[in-house]
Amino acid sequence: MTDALPHLAALSESELLALLHRRDPSATAADARRLLASHFGRPDVPGETPRPVRRNLRQACAELTRRDTLQVVDRTTDPSDGFVKYLLRSPDGALHEAVRIPLLAQGCFSVCLSSQVGCAMGCTFCATGRLGLQRHLQAWEIVEAFRLVRAEAPGRVSGAVFMGQGEPFHNYDEVMRAAQAIAQPYTGRIAAAAISISTVGLVPQMLRFAAEKRPYRLVVSLTSALEAKRAELLPITKKHGLAELAAALRTVHAATGQRLTVAWVVMAGVNTGSEEVQALQQFLGDLPVRVNLIDVNDARENGYARAEPAELEAFRDRLQVLGQPIVRRYSGGQQRQAACGMLAATRWHEQAAGEQVSST
């Protein structure tokens with residue numbers, strides 16, 4: 001196997017069928033679906049009568065595709081909430097993360113997926129942002145992370161969120177290919193409506209998402225509706241301002257008809273005041289959204305702190321003027337470095353220290 005071969009995990013039915021036709025023109029779409037289902041550990045394809053794939057087609061698939069996978073470098077479980085954080089290594093040594101998240105529905109889970117090794121966005125409150133960008137993840141790496149985490153889940157995985165390391169829309173093509181693979185009924189079997197993709201506000205990609213009428217949920221990390229403050233917290237605002245972002249949100253809503261999600265990372269004394277609420281009200285207008293309040297996770301190096309309960313409740317009360325659903329999204333894994341990039345950052349720093357010692 002070589003890197004020049006496509007990876008089976010990220011292929012669509014039609015792409016795999018085209019490969020099989022190189023060896024056997026009688027191969028069918030059903031054969032391609034069964035081969036993909038088998039790779040994902042599925043014994044059958046929904047709605048189809050189970051039957052084995054011919055040996056020559058199995059051999060052709062093995063010779064024409066890659067099937068290398070990821071190594072689990074570290075796996076940590078937070079006993080307080082059941083979040084499981086995975087540190088994964090790709091064949092080239094790149095480190096990235098995934099998280100298994102328990103859902104309110106008993107026995108169900110979601111998988112939080114990374115899209116990049118590091119991140120180029122530089123958000124000041126994010127551990128991954130301080131790592132910088134090493135490279136994009138390929139679609140197969142994202143899908144294999146999902147497959148690996150799902151295989152260990154003690155119940156049904158019913159959702160996936162692209163909210164781990166990296167900016168998903170900065171790696172748009174690979175993320176969309178991965179989401180498609182995860183949503184296929186014979187592979188990941190996750191409903192498209194149960195797949196969420198986050199962005200800090202890359203407007204051109206948001207407009208492309210709308211034009212392509214992607215069926216996934218869009219989450220926009222806003223965190224401040226004040227232009228100058230948002231530019232300090234999320235430097236991307238200097239390239240795509242709030243007016244441009246608001247217009248893009250309306251375009252996405254018009255194309256999809258979905259209630260969009262606005263994520264707000266809450267930081268004590270930073271973005272919980274009445275001026276933020278007034279600015280957010282003006283920013284949204286009559287756009288139907290859901291506001292997710294998320295506690296800042298990594299406050300060790302950047303000076304940000306979580307809001308105390310009284311400050312958070314006062315902020316939630318002020319937000320009621322929006323007339324929109326306000327949801328406090330639970331941030332799990334606090335005892336086990338579950339914030340995006342924290343586990344990878346720790347390991348990268350250890351590696352760097354080891355390299356320094358060995359070179360002296």
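The values are calculated or read from the model by the stated rules, or taken from the named source; none is laboratory data. Note that the coordinates shown come from a computational prediction; the quantities given were computed from them, not determined experimentally. Note that we place each Cβ from the backbone using ideal geometry, even for glycine, and neighbour counts take in every protein chain shown. Keep in mind that these areas ignore ligands, DNA and RNA; they rest on the heavy atoms of the full protein, side chains included. Shrake-Rupley method; radii C 1.70, N 1.55, O 1.52, S 1.80 Å.
State all residues of segment 274-324 that are hydroxyl-bearing (Ser, Thr, Tyr) and in a helix (DSSP H, G or I); if no residue qualifies, say none. I'd like the intermediate steps shown before the answer.
Pass one, segment 274-324, residues hydroxyl-bearing (Ser, Thr, Tyr): 274, 304.
Within segment 274-324, SER274 is the sole residue that qualifies.
For first residues located in segment 261-283 and more than 16 Å from ILE326 (Cβ to Cβ), partners that are among the basic types (Lys, Arg) and not in a helix (DSSP H, G or I) and lie 6+ apart or on another chain with Cβ distances below 7 Å form the pairs ALA268/ARG306.
For segment 224-256: of the residues being part of a loop (DSSP other than H, G, I, E, B) and without any contact (Cβ under 8 Å) to a residue 60 or more places away in the chain, which is most open to solvent (accessible area, probe 1.4 Å)?
Residues of segment 224-256 part of a loop (DSSP other than H, G, I, E, B): 224-226, 234, 239-241.
Among the residues that remain, those that are also without any contact (Cβ under 8 Å) to a residue 60 or more places away in the chain are: 224-226, 239-241.
Values: SER224: 0, ALA225: 11, LEU226: 51, LYS239: 149, HIS240: 19, GLY241: 20 Å².
My answer is LYS239.
Please work out which residue is farthest from ALA247 (Cα to Cα), limiting yourself to segment 176-195 and to residues that are outside any helix (DSSP H, G or I) and open to solvent by less than 10 Å² (accessible area, probe 1.4 Å). Filtering first and then ranking leaves THR187. Here is the figure for segment 223-277: residues that are at positive phi and out of contact with any strand residue (DSSP E or B) (no Cβ under 6 Å at 6 or more places or on another chain) total 2.
Can you say whether ARG329 is basic (Lys, Arg), at pLDDT below 90 and open to solvent by 20 Å² or more (accessible area, probe 1.4 Å), as far as the supplied structure shows?
Details: basic (Lys, Arg): yes; at pLDDT below 90: yes; open to solvent by 20 Å² or more (accessible area, probe 1.4 Å): yes.
Yes.
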